[in-house]
1. Could you list all residues from segment 163-206 that are more than 8 Å from the ligand (Cβ to nearest atom), assigned to a loop (DSSP other than H, G, I, E, B), surrounded by fewer than 16 Cβ atoms within 10 Å (Cβ to Cβ) and not β-branched (Val, Ile, Thr)?
2. Looking at (1) in contact with a strand residue (DSSP E or B) (Cβ under 6 Å, 6 or more places away or on another chain); (2) farther than 27 Å from Ser183 by Cα, can you tell me which one Val91 breaks?
3. If you check Thr140 against the conditions, is it part of a strand (DSSP E or B) and modelled with pLDDT of 95 or more?
4. What are the residues in segment 94-121 that are part of a helix (DSSP H, G or I) and touching a strand residue (DSSP E or B) at 6+ places or on another chain (Cβ under 8 Å), if any?
5. Looking only at segment 105-141, count every residue that is more than 14 Å from the ligand (Cβ to nearest atom) and within 16 Å of the chain's Cα centre (by Cα) and tell me the total.
6. Go through (1) modelled with pLDDT of 95 or more; (2) of a type in the set (D, E, K, R); (3) within 18 Å of the chain's Cα centre (by Cα) one by one and return the number of the condition Asp212 breaks.
Amino acid sequence: MGDALRAALTAAATAVASPAELRKAAAAIRDAIEPLTEEVRSPATLSPLDDMGRGIRMFNPVVGPGNGFALPLRFEPDGDGVLARATLGPVHEGPPTFVHGGVSALLMDQILGQGAIVTGRWGMTAELTLRYRRPVPLHTPLLLTSRMAGAAGRRTTVTGAITTEAEPEVVLVEAMGLFVSPSEAKTASYFGTVRTASGGETDGRLGHARQDVDAASPALAPGPAPAE
Ligand SMILES: CCCCCCCCCCCCCCCC(=O)SCCNC(=O)CCNC(=O)[C@H](O)C(C)(C)COP(=O)(O)OP(=O)(O)OC[C@H]1O[C@@H](n2cnc3c(N)ncnc32)[C@H](O)[C@@H]1OP(=O)(O)O
């Protein structure tokens, strides 16, 4: 389904078609999704395809295979950090032929967070700083990298970059993220009502979740909660 959605978004952004052809395609899409809207999960219920413990979020907009906007990004170990390879297309366009700056920020937020997770730490984004040094080209194999730069208490600082695969020494975007592991009280207030698809409680503290980061796994596998 995610692949079909990605194909639909790309087709919509690139098709040279008459209004009649577009209306026909739109009607077919509406007909196809209509049965899927009859019974839907509540916002605080995880998808049955999600597995927080293994870091699988099927509809995450960066790493979720089921999300039509997601590439989806896949992470690989890179020394003590993480890297991802990506080639962006017309649905990610900002200035003609270049990546939208907000899309670069979205991707870096996720990979910087993953750079914390692979060290056994995790947190919510408290700060995200990007320096756009050169435009990021579409249709070009890119490298996204991240590595933990510092940790103190519940705070983890991670730095990263976007380059092309062809010229990894030329930094297009520099990024820095501060990830703060929420206090127990905040975790309970934010996520206390979240339930698994079968109605079970999730491990809101995430402290027991398994760190599971390899080429096959998506993101968000939280490591043990850092000490106060
Ligand atoms: C189902 C079960 C659960 C699921 C679990 C979800 C898992 C995770 C999924 C990840 C998904 C990834 C996807 C991308 C990552 C997002 O998209 S996360 C979403 C975007 N980010 C947010 O919404 C965060 C909003 N901010 C907040 O809620 C709160 O400010 C925070 C970040 C949780 C911190 O709150 P807190 O726990 O009360 O922390 P607090 O005691 O205020 O501060 C702790 C320390 O951090 C420092 N700090 C806090 N905020 C800042 C800041 N903005 N700047 C500088 N320092 C700061 C404080 O100064 C303090 O330092 P020390 O005094 O210890 O030296």
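1. Glu165, Ala166, Glu167, Pro168, Glu169, Gly192, Ala197, Ser198, Gly199, Gly200, listed by residue number.
2. (1)
3. Details: part of a strand (DSSP E or B): no; modelled with pLDDT of 95 or more: yes.
Considered against the rule, which asks whether it is part of a strand (DSSP E or B) and modelled with pLDDT of 95 or more, Thr140 comes out as no.
4. If we filter segment 94-121 for residues that are part of a helix (DSSP H, G or I), which is where we start, we get 101-117.
Listed by number, the residues that qualify are Gly101, Ser104, Ala105, Leu107, Met108, Asp109, Ile111, Leu112, Gly113, Gln114, Gly115, Ala116.
5. Selection size over segment 105-141: 0.
6. Single failed check for Asp212: (1).
The values are calculated or read from the model by the stated rules, or taken from the named source; none is laboratory data. Quick caveat: nothing in here was measured; it's all calculated off a predicted structure. Neighbour counts run over all protein chains shown; Cβ positions are idealised from the backbone, glycine included.
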